[in-house]
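Remarks on the structure that follows.
Here, each number is a calculation from the coordinates, and none is a lab measurement. If you're wondering where the values come from, they're calculated on a predicted model, not measured in any experiment. Every residue, glycine as well, gets a Cβ built from its backbone with ideal geometry; the counts of neighbours run over all protein chains shown.
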Amino acid sequence: MGGDVNSSITINHAGAWSYKLPATQSRKVISDTISCSVSGTSLKVFDGSKGISIIHDIYTAFPICGDVKPTGTKEYSGSNPQVIPIEAHFESKMGMKLLAMSVDGEDVTQSASVGGSSPYYCITYTPPAPLSFADHTVRVNVANNYNLEESREFAFKLVDSEDRDGDGMPDNWERAHGGDLDPNADNDGDNLNNLNEYRHGTNPRNPDTDGGGVPDGVEVSYNMNPLNPADDGPPPPPPPGSNPPSGDGSIGAVNGNVSMVIIAGDPNEMTGPDGWVLPGQAISYTVKFENVGEGKAYGVYVTDVLCENIDDTGVSVTNCARIDYESNTETPADFACRYNPATRLLTVFIDNEGEVGPKQGGKFEINVKVKGSATPGQEIVNYATVFFPSVPEETRTNSVVSVIPDIASISYYGNNLIEYGDPLELRASLSGSSAKPIAGSPLEYVIASGSVTSATENNGISYAVMDMTETLPGQYALQMSFAGDAHNLPARAQKEITILKARVSVPQPYFTYYSTGANIYVAKITDAAGRELLHQSDEPKTFYLEYDNGSQWQTLVQTTLAGNTATFNFSFSPQKESYPVRIRFDGDNRYKSATEYGTLKIEMPDDVAAPETTLQVIGAQYRDADKIYTAGDSKILLAAVDAGSGVERIVYTIGSSSGVYSGPIILAAEGAYKVGFFAVDNSGNVEQRKYYEIIVDTTSPQSGISVSDGAYQVVEDGVTYVNSRAAFAADSLDPLSCDVACGVKAITYSVDAGDTRIAQPNEPSLDLSFVADGLHTVKYYATDNVGNTETEKSFTAFFDGTRPSVASTWPGDMAIVQPKYAREIRVVFSENVKSAGWQGDVTVSESKGRKIKDFDMRYDTATCTLAMYGKLKNNTNYDITISSAVSDRVLNRLETYHFSFRTCIKASEGATIEDEETGLKIVIPPHCLPCDGYCETGFIEMAELPGIAYPMQWLLRQKAYFVLFKDMNDIAVKENLARPLTITCKVNGQMTAAGWQQDAKRMFNLRFYQLGNAERGAALVYGMPPSIQGTEYLSPALLGSAQCASEPDQQIDAESPSFGIFCVAGFLAPERSLDDLSGYPSPFNPERQSITIQYYLLSESNVTIAIYDLLGNLVKTWDIASGGVNARAGLNQLVWDGRNGHGDIVSNGGYIIYVRADGNSRKFKVLVVK
């Protein structure tokens, strides 16, 4: 502050309770000049005359900035630069928040943090990387919880300093602190290693650098300042009765006098009548105060200087209370007060010597009156001031403003009578007492469903215009209102507004009518102000053009207004040269009626044309060319027009009688009438006579319903049956009576009193296809063209529109049956049917498509069953088709029906199959299957039989035999048979084998071949034989040996434990052994093939077989003893796998095979190709 540390100070303060006034127990305001000094952060005041020393902490509500770092020039390691934290320390008793922080102009607010606690706070920013060697500028802006701000700007410089050991601590700094330091060591034991001691600027060899009693490491971790002892602990409270201090000059001396330091910061408030008050009204003000500091306040008091408009004669202070703001509780208290009428100063002294602790306070009420002499418009402004002398501090409360309001009034000067369509011009004045204008205040006008608001001008007058086109004519209340303001009471006024229907402007109709061509008259229609009439779409405006025919006004035409134009398009037959005319509008909800008169002038050419007469029949009628049919009691009307002079009379004739037409003519009796007529105009022009034949028909028509085709209708047991799909003819006739008839118009019918339907007489039939099956009654009647109706008739029949169907068959579709049990095929129909010929309508065919025509077919009407008798073959698929020619009694036709079944042998009963052509017989014993099932057998025609070795030949070409077994699920059985099949083959001298005639002198040898096995899943499917392609193998059954073909018929039997596809092959035995020596295949590849050496022996014999290459080298040899395998009488086969005696595959080339047996030897050549 400058100046001496010891000085004097003038203090305006409340006297402490030690200065009690005996009579009032209150304090007074004192102004003293006393000695003082500043020591540390305290202001010490000493009053020698009173022997009192008061210690005041210097107080400000704003944050106070303390130390910052780094500052000045800081040496920086060039080889291992460190991140130096930037810190700014602040002191505040009202909290702390960071508003902004920047380093070298860059905003780092989001990366900075606020640490510490009241009243010492630290703002810290740690750069993400070491800063550069340069000058740096830091700016910090903070605020307390009451948004009082403080800012600080400081600068520092980082310079490159030698760091030979690269530990991040410059050598000069280490030398200044006792020599080389380990960066990770903690030499002084303060929980801060040496490197962090350098970064935070503390002494690495002193655990408490600032000597405040808290180790450096603790201060850093709690965001305290390790270089300032002030934050190491709270200062002790000032002791009472301290001696006068001597200045130590720690913060400088106070220079001069200090008068009434005022710092507003405590949340004090006043509540009261903030608004209107009336003269003489009793009012109260509530004052609340609070100490938001962290220390106690002493000598607290409150003052209030009362406004001149307040009647202070009865001022009092009541409802005093102490308030604990932390617990939000109140305790009644007794606050002393003093009022000085001269200065109008009210002083309230807080009890307990004015001591108020932190978060403590109080309240009280000030009770006064408004002066009775207060005039409207005057204000009462009141506030209080709370004094905290020990801080020192004084705080004003908010002001409570009250006003004595003026009485406002509204006067209306605008329109109160308008026509519909006119705008409503509003004008009103707003004034206070004594007719003082109230300017700039909104005045609201409300009428009907609309409103508008307009502010008053300086003269207090408000102007506005409202569109009233959406408001119907009538009387309405205009409401005007002023909501009031701070100085004026609300006001309201009402005025009655009348909206009249608008007048319509119609032109006088003076125009000329021309008897030829179109006549159009256009009139412009507006309201009285020349505006287009409104609401024409939702409320059309109709205008009438009328003329005076001598006895009354008669309408020529009416039209609807379009915009502002009414267009009249009309024609009529004038009888004179001019007519009075008028345009008439009858008015509506918005517009008055209007009528304007004029004259219609007639311009007519000379009348040389005859009038024109028309005939009209009133009543039921029907026209056919120039004939008019009526139902009797019909009226005949005649009317004539003449464009010239007008019609003078109409003359008519009926038969031989005639007369002048004067009114409707009635024709009642049935018959034909010839009516003639003509007209005469006033100029003597006579119309050519016209004739009409009018026929009066009073006789009802007749109708009937029948089936168009009699085949669709039958009568059984008195009940009529009809096919509802048939065409039902609707016969109708309008009988002649007196030689007149108008014809049938329609036939009306219904079924079982249901919906009524109409049939025209020209329609070919009635639609009865919708009728359900059953007994129904159709009621109907006919109507002729003039409405004569016959008496209702009825037609009852049993309607049948359902096709017959097949209810069941035996065998069923896809069934399997045994032929010996299938003596007939039965078809049961859903109802009795008929056929023109069952042989033609039912087709029975076999699996190969051959139709069977020898079935005997019989139909039983009692059971609706068709039985077909005939012999069924084994292993045969039968297809039966019943055509749609089959129908029920009324020709509802059956949809073509098809079913099929298959015949086969039941395995449990067995069977025999025999081929008459070849004599082959296969006997299937009963119970040969290991399970229940069926046996399918048959002959495969045109079979592709596999090749066999020479000299064998198939005895019957392109024919094989199959035997397959299936279980009850129609799956082929794989297991061996429980009992073997027996196969018999007859051979005689006349058999043709392989297409050549056998020689009777030679032996004929037979073998039985089985081609493959029937695998499960390879089942015969409905008669389609399985493929017999594949490799055959010899059956273990040999059917014959050395049989002479010239002998009588022989039977050769064999048994097979399996089943499948079979065929028979044989050959003629040679005259000598080895004559048929052969080998196949040749050439062959021993890597994947072998060769069969085949030869025939007349009798058992030793057999030697040797194989040589073309150089005579022995390759392999066999010596077979007589009777052994391949050394027996008959056909023998030996297989060579192409390997030599050592088991090696021989090389490519030719080889000679020698066979010696039964005293003979033979050889043949084979070729090996790999």
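With each label modelled as a point 7 angstrom along the Cα→C-beta vector, the Arg427-Ile758 pair spans 7.3 nm.
Working note: Karplus 6.51/-1.76/1.60 with θ = phi - 60° gives segment 98-108 the couplings 8, 8, 7, 8, 9, 10, 6, x, 8, 6, 10 Hz, where Gly and Pro are set to x.
Ranked by the mean number of other Cβ atoms within 10 Å per residue, highest first, peptides 634-641, 659-666 order as 634-641, 659-666. For Ser1122, the residues 5 or more places off, or on other chains, whose built amide H falls under 5 Å of its own are Asn1102, Val1103. A simple count of charges around Asn145, restricted to other residues whose Cβ falls under 11 Å of its Cβ and scoring Lys, Arg +1 and Asp, Glu -1, yields +2.
Under the 0.36 nm per residue contour assumption, what length would be gained going from the current alpha-carbon distance of Asn1160 and Asp1075 to full extension?
29.7 nm
Which FRET efficiency value, to the nearest 0.05, do you get for Glu1087 and Ala978 by plugging their Cβ-Cβ distance into 1/(1 + (r/R0)^6) with R0 = 51 Å? Here the calculated transfer efficiency is 0.75.
Between rounded, prolate and oblate, where does segment 64-232 land on the alpha carbon gyration tensor, with a ≥ b ≥ c its root eigenvalues, rounded for a/c under 1.5, else prolate if a/b exceeds b/c? Verdict is oblate for segment 64-232. Going by neighbour counts of Cβ atoms within 10 Å, the residues Ser571, Ser830 line up, fewest first, as Ser571, Ser830. Computed from the Cβ-Cβ distance with R0 of 51 Å, the FRET efficiency linking Phe770 to Asn969 stands at 0.60. The local environment of Arg889, defined by Cβ-Cβ distances under 9 Å, has a net charge of -3 under the rule Lys, Arg +1 and Asp, Glu -1.
Working note: Karplus 6.51/-1.76/1.60 with θ = phi - 60° gives segment 793-803 the couplings 10, 9, 9, 10, 7, 8, 8, 10, x, 9, 5 Hz, where Gly and Pro are set to x. Distance between the 7 Å Cα→Cβ label points at Ala321 and Thr863: 11.3 nm. Each Cα pair under 8 Å and six or more residues apart adds its sequence gap; the mean of these over the residue count of segment 504-603 is a relative contact order of 36 percent. Electrostatic bookkeeping for Ala491 treats Lys and Arg as +1 and Asp and Glu as -1; over the other residues with beta carbon under 12 Å from its beta carbon, the sum is -2. Straightening the chain between Gln688 and Thr881 buys 61.5 nm, computed as 0.36 nm per residue apart minus the Cα-Cα spacing. Taking 0.36 nm per residue of sequence separation and removing the Cα-Cα distance, the Phe570/Glu648 pair yields an extension gain of 25.7 nm.
Taking other C-beta atoms within 10 Å as the exposure proxy, Asp538, Asp767 rank Asp538, Asp767 from fewest upward. Report, in listed order, any pair from Lys501/Lys524; Lys288/Lys371; Lys601/Lys690 with a Cα-Cα distance greater than 23 Å. Table pairs above 23 Å Cα-Cα are Lys288/Lys371; Lys601/Lys690. Segment 418-491 and segment 79-116 have their alpha-carbon centroids 62 Å apart. Judged by the mean number of other Cβ atoms found within 10 Å, the most tightly packed of the peptides 797-807, 420-430 leads the ranking 420-430, 797-807.
Treating r as the C-beta distance of Ile602 and Thr542 and R0 as 35 Å, the FRET efficiency rounds to 0.85.
Highest first, please rank the peptides 507-513, 882-888 by the mean number of other Cβ atoms sitting within 10 Å of their residues.
So the peptides 507-513, 882-888, ranked by packing, come out 882-888, 507-513.
Each residue, Lys627 and Asp165, gets one label point 7 Å from its Cα in the Cβ direction; the gap between the two is 14.4 nm. Each part reduced to its alpha carbon centroid, segment 677-747 and segment 289-331 end up 116 Å apart. An ellipsoid equivalent to segment 612-696, defined through the eigenvalues of its Cα gyration tensor, has semi-axes of 24, 12, 11 Å when rounded to whole angstrom and sorted largest first. Here the Karplus relation 6.51 cos²θ - 1.76 cosθ + 1.60, evaluated at θ = phi - 60°, turns the backbone of segment 77-92 into coupling constants of 5, x, 8, 9, x, 10, 7, 9, x, 9, 10, 9, 9, 10, 10, 7 Hz, with x for every Gly and Pro.
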